[in-house]
Amino acid sequence: MRTITTLIALLSAHALLGCSSSDPTPSPGPEDKLLEAPAPGEGVQYRMTSVIEPGQEIERCQLFVAPPEGLNIQRDEVRYSGGSHHVLLYATNYTEIPTETRRGVPIDAAQVHDCKDGVTADWEVSGVISGSQSPEGNSLLGPLPEGVAVKVKPGTVLVMNTHYLNSSLDPMETDARINLYTIPDEEVKTEAGMLFHYNPVIRVPARGESSARMRCTTEQDISVVRIQSHMHRRGVGYVANLVKSDGSTQELYAHDKWEQVPSGEFAPVLEVKAGEALDYRCDYRNPEDRDVVQGQTTRDEMCMLVGPYYPRSPSYENCLNGDGEFAGTWIGSGTATCAESLACLSGARSPDEDQGFDYYGCVVDSCAGAGEELSAVLQCQWSQGHGACTDACAESPEACGACIATACADAVTACEAAACE
């Protein structure tokens, strides 16, 4: 049985050039106009360069160390050479650059290196703080209101990540730069965070169409500055709505692009009250003769909602509850009742066998009215009965299953009684 930590982890060179963590800002030459570094005292620049071989698609990473005084990021600016799907900068909980990946592979991570299975396969990240899906700019963070800043603790290890595809017949030199513009401690009135809502429940059949929809309810009042989507090449539609406390909805952001993604700007900022939710849906059309599920490469799909907000809530920005358990609601686009969906799940192959095509498909094929009850069952199971079965699950699979069946009995009963509306 997979935990939500495992599911979130599904998130996230031939010639290796680059700079070390002690000097994140190479001096630009006179011809170097892609993006100049901030002036001294106004911020820092992180930069990655590498060569992509003909026909190669690869994600690469490089680890840096934040300045000893930390960072109060009030705005960012991102530029990168063409051919990349995204450039991102993640924060981690590391206090020094590791000497091996989380899979135990020795590495000089301060240099550019392949992370072909995605950032989270090699490094433990705590969230994204900057990035872009457009080489011309349109960054994730952008400018924040006066007195609002994303805070990075002194000495925090950062992971810069690029995802490039070279479709040409020649090697391609790449250059990606992220400028973080900062303000002094005394000017920070409110700490901001970055929404990073990731929906792993995706199943798009060969030569078929499908949707992935998820809702995240906040437990505190927040102000959202802007949002962006993230999908891969089969994405043909995206919509995000605000679900108000009375159940009514307000469309916030809609488009049909998977690259050169626009931002949904809110001026004034979008006020989301405690008990209200951000609900977003990705629509897909698959022209290939193979099934597609969620994953890190462009052969896979993603469905995300990303954007800066304040004041920071570390749990809500990852769609978790106060106990660190996944708290999202999946809303299917099919006709199966909650009881039928449970039966489907019980007969589905493990996601470890087929990357979740069967298992996630049971959720995708459920009716919209089953969303809350079906999600409650999955949340209970994945969290090992909300922590009640931790000891039993450490004992044996049999003891774990029996404990979870008891701990989640009420959620299962509610699901079996739920009707499609």
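The values are calculated or read from the model by the stated rules, or taken from the named source; none is laboratory data. Since the structure is predicted, the reported quantities are computational estimates derived from the model, not experimental observations. Glycine gets a Cβ as well: all are built from the backbone with ideal geometry, and neighbour counts include every protein chain shown. Ligands, DNA and RNA are excluded from the accessible area calculation, which covers all protein heavy atoms including side chains. Shrake-Rupley method; radii C 1.70, N 1.55, O 1.52, S 1.80 Å.
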- Message: Just to check your reading of the model, which residue among THR95, THR99, THR49, THR120 is at pLDDT 95 or above, among the hydroxyl-bearing types (Ser, Thr, Tyr) and either open to solvent by 50 Å² or more (accessible area, probe 1.4 Å) or under 30 Å from VAL148 (Cβ atoms) (or both)?
- Response: THR99
- Kindly list, by first and then second residue, each pair from a residue in the stretch 140-152 that is under 11 Å from GLU191 (Cα atoms) to a residue that is part of a loop (DSSP other than H, G, I, E, B) and modelled with pLDDT of 95 or more, limited to pairs with Cβ atoms under 6 Å and residues at least 6 apart or on different chains. GLY147/LYS189; ALA149/ILE183; ALA149/VAL188; VAL152/ALA66; VAL152/GLY70
- Query: Just to be sure, is GLY347 closer than 21 Å to SER245 by Cβ and open to solvent by 30 Å² or more (accessible area, probe 1.4 Å)?
  - Reply: no
- What tally of residues in the stretch 369-421 results from selecting those that are in a helix (DSSP H, G or I), surrounded by fewer than 16 Cβ atoms within 10 Å (Cβ to Cβ) and hydroxyl-bearing (Ser, Thr, Tyr)? 3
- Task: Quick one: count up the residues across the stretch 182-202 that are part of a strand (DSSP E or B) and either at pLDDT below 95 or open to solvent by less than 30 Å² (accessible area, probe 1.4 Å) (or both).
- Result: 7
- Item | First in the stretch 310-332 and of a type in the set (Asp, Glu), second anywhere and not in a loop (DSSP other than H, G, I, E, B), Cβ under 7 Å, 6 or more apart | GLU317/GLY127; GLU317/GLY193; GLU317/MET194; GLU317/LEU195; GLU317/PHE196; GLU325/ILE4; GLU325/GLN379
